[in-house]
Every structure is written in C-alpha cells, then in structure tokens.
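The values are calculated or read from the model by the stated rules, or taken from the named source; none is laboratory data. Everything numeric in this text was worked out from a predicted model, so none of it was measured. Ideal geometry is used to build each Cβ from the backbone, glycine not excepted, and the neighbour counts take in all protein chains shown. Surface accessibility is based on the protein's heavy atoms, side chains included, excluding ligands, DNA and RNA. Shrake-Rupley method; radii C 1.70, N 1.55, O 1.52, S 1.80 Å.
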Amino acid sequence: MIWLAIILMTLVVFTSRYLFLEPKLPLKLNRHARGILAYSSAAVLTALWVPLVFIPEGELNLKLSNPYLVAALVAIVLAKATKNVLLTTVLSMLLFFGLKQWLG
Amino acid sequence: MDLDSQNDLGASHWRELLKGALAVTPLSIAVLPWGLLAGSFALESGLDVFQSQAMSAIVFAGSTQLVACGLFKAGASLSTMLLTTLFVTSRHLLYSLAMRPHISKQPLRWRLLLGFLLTDELFALCGKQKPEQFDRWYALGAGLWFYLCWNAASLVGIVAGAQLPNLQELGLDFAVAATFIALVIPQVKSLPVLAAVLIAGVASLVFELIELSGGLIFASLLAMVSAYLLEKAQQAGRGR
C-alpha cells in the first residue's frame, strides 16, 4: 500500500511537471499568454516566501519582534544592494538565528 | 567536424553544467535541513528505509513529501493522499507552462529529465530566463546538483533519524524564504514586476489567512495578469 502510494504520487508530481513540456500537447501560447507567463517567476516565488515570513506561527505577525520579518526586510535590502544570492542568504540567515537567540 | 571543435563543444557543455550547479548551490544549502526532515519524518511516519529514500529519490518534491508523510502517519486513504498531492503539486503545472517555450523543442530524453528535475528551485533559476537565454546543460547542472543534495540530506535524515534535534522548532524555513527573496528582488526592475511582487505578496497572505486551498496558485495568477495589464497600459500610455 505504501509503495503503491509512493508510485502514484510520483506519477502525479511528474505529470504536473512534464505536462506542458510535451510538444504534442496541442497548445499554442499566444503573445498575451507569454506576456503573462513572463511574470510567473516573480509572482510564484513571492507567493511562496511571503506567508513563511509574515505568518510564522499560524497567525499574522507584523511586530518587529518577529525574527522572520526583520531578517526578511534586511534580506530585501541586501538583495537589492548586492544582487548576490549567496551573500544575501548567508548574511540574512546569520541575522535570523542571532535574532532568534536574542529574542527567544 | 574536427576533433578540436568537438572538444570545445564538450568543454562549453561542461562549463554550463558547472555554472548551473554553482548557481543552485545556495538553494541546495537552504533546503538541506528540509531534506533531513523529509528523511527522518518519513521513517517516523512508518515508512521503511527504502520507502523513505524513495520519497526523495522518485517523488522528489519537498512539500508533497512532508504532507504525504503526515497523511501516512494519520492513516489517510489513498484517494485522500492523491488528491492532496494534486493540490500541493499544482504549482508545477504553472512552471511547466512557463518553461514550455524553453523545453518543448528539446529531444524527448531532455524533456523527461528536465521535467523530472523541475522543482521550485530550478524554476527560480530558469523561469526568469528568456527562451533564447536558456541553456539545457545549465539547467541540467542545476537540477542534478539540487537532486543530489536533496537526496543526500534525506539519507542523513533517515540514518540519523531520532538523534536529530527538533528541526521544526529551529525555524530553518527562513533559509528557503531568504533564497527566494535573494532571487526575486533583483528581478524587480520595472513597475509591472514590482506590481507582480506586491500583489502576489498581499494576495498570498490574504489567501493563507482565510485558508483558501490553492491560494498560492490564485495569488500568482492574479499577480501575473495584473502585471501584464499594467505593462499593456504603460505601452498604450506611451502611445507606442
């Protein structure tokens, strides 16, 4: 039963990743569709991280005692200033753990 | 074709492969704790060692794996598991659609391979590229290195199992947020992209707070369409 579930889940996940990569799928992306999809990366990635940062423990936390929020704001400034993914990640994580120790 | 130019071609593929691997490294590091958790949680949920590793090796989808383990533990039915998987994994449909111009013209084995490797992280790197910038070797390097890191972390999680400290309480999910921030913010170079980010952020929060299932997808689509409409309005305003 567990193996069956694992294999079926694999199929569902793989299908969702592969479906539109298949050229035989009769789907032509017009100018508008491409124009909309150009924003997909910025939109989806933001929709993934924002809830993590603003709702760290099940409820909205906009206080400056929320280490997720403070470290994320610093990460935004660092990313804007340096455009360096590794540097931004490492520095903001150090800050995050520091804040967590200090506040927690 | 003479041998020299063949070697050059091999070298440039190799270079792109390494470039991709290097680019995905911060993201691979950020997910290591999640990999550990995916491994140890699978074992704790009643899966054996091979099943636990198979979750990372063949399902290869962090959020699906963690949710599924919770369902295994709760003794959920197969249909519940598959329906939940479908929901959690639905954002990959969007990635696959966005990458269609880049990948659908590739040969079958490349499509299958890159499709299998198309995670949030790979999309974070390649989704912002224009189709003509896309390099399949770069994508492969990034995808494979991420796959190896994820599976190695899961293996450690399975082996170390209960000896690990309580990972969920450490707040390691911030690492994932930090990498996504680091990838998104430099993309904000125009008003429509800024609008996409702001709308996606606010909408994802609202949808999360009202516990709307599939909120991630709705928030993203809303942001994408709004940004595109703004782009068109700007063009019209400039009178072309």
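Couple of notes before you dig in:
- Net length gained if the chain between B:Val206 and B:Ser63 were fully extended (0.36 nm per residue, minus Cα distance): 49.4 nm
- Overall dimensions of region B:188-240 by Cα: Rg and Dmax, Å: 12.8, 43
- Coarse-grained scattering of chain B at q = 0.10, 0.15, 0.17 Å⁻¹, given as base-10 log I(q)/I(0) from a Debye sum over alpha-carbon atoms: -0.57, -1.18, -1.41
- Phi-derived couplings, Karplus 6.51 cos²θ - 1.76 cosθ + 1.60 at θ = phi - 60°, listed residue by residue for region B:210-215: 8, 6, 7, 6, x, x Hz, with x used for Gly and Pro.
- Based on C-alpha pairs under 8 angstrom that are at least 6 apart in sequence, chain A has a relative contact order of 16 percent.
- Accessible surface computed residue by residue for the protein assembly as shown, with neighbouring protein chains in place and a 1.4 Å probe, gives 48 Å² per residue.
- Carbon + sulfur, % of accessible area of chain A - ligands and nucleic acids excluded, 1.4 Å: 71 percent
- With all protein chains modelled, accessible area of A:Phe14 [1.4 Å, Å²]: 50 Å²
- Accessible surface of chain B, 1.4 Å probe, proportion on carbon and sulfur as whole %: 67 percent
- Protein-protein interface of region B:41-58, residues with accessible area decrease of at least 30 Å², isolated chain reference, 1.4 Å probe: B:Gln51, B:Ile58
- Helix A:2-18 vs. chain A, principal-axis angle (Cα, 0 to 90°, nearest 10): 80 degrees
- HN-Hα J in Hz across region A:30-47 - Karplus 6.51, -1.76, 1.60, θ = phi - 60°, x for Gly and Pro: 7, 4, 5, 4, 5, x, 5, 5, 4, 9, 5, 5, 4, 5, 5, 4, 5, 5
- When accessible surface is computed with a 1.4 Å probe, chains A and B are found to bury approximately 6900 Å² between them, both chains counted.
- Look at the dipole of chain B built from charges on Cβ: of B:Ala54, B:Ala23, B:Phe174, the Cα furthest out on the positive end belongs to B:Ala23.
- Spin-label model distance (nm) - A:Asn84 vs B:Leu9, 7 Å beyond Cα toward Cβ: 3.8 nm
- Accessible surface, 1.4 Å probe, highest first, among residues A:Trp3, A:Trp102, B:Trp150: A:Trp102, A:Trp3, B:Trp150
- Counts of other chain beta carbons within 10 angstrom of each beta carbon in peptide A:83-96 average 6.
- Structural descriptor for chain B: relative contact order 32 percent, calculated from alpha carbon pairs under 8 angstrom and at least 6 residues apart.
- Sum of -39500 (n - 2.57) over DSSP H runs of 4+, divided by residues of the protein assembly as shown (222 nm, nearest 500): -24000 deg cm²/dmol
- Helix axis angle, A:85-103 relative to chain A longest principal axis, alpha carbon, degrees: 50 degrees
- Over chain A, all Cα pairs binned in 10 Å intervals from 0 give whole-percent P(r) values of 12, 26, 23, 25, 12, 1, listed from short to long.
- Gaussian network model of chain B, Cα within-10 Å springs - most flexible of B:Gly115, B:Gly62, B:Gly75: B:Gly75
- Whole-angstrom Cα spans of the protein assembly as shown along principal axes, big to small: 60, 54, 42
- Projection of the Cα convex hull of region B:1-90, averaged over all directions and equal to a quarter of that hull's surface, yields 8.6 nm².
- If the chain linking B:Phe134 and B:Gln234 were pulled fully straight, counting 0.36 nm for each residue of separation and taking away their Cα-Cα distance, it would gain 33.2 nm.
- Highest-MSF residue in chain B out of B:Arg15, B:Arg109, B:Arg91 [GNM, Cα springs under 10 Å]: B:Arg109
- Chain B: most fluctuating residue of B:Leu118, B:Leu78, B:Leu36 per GNM, C-alpha cutoff 10 Å: B:Leu78
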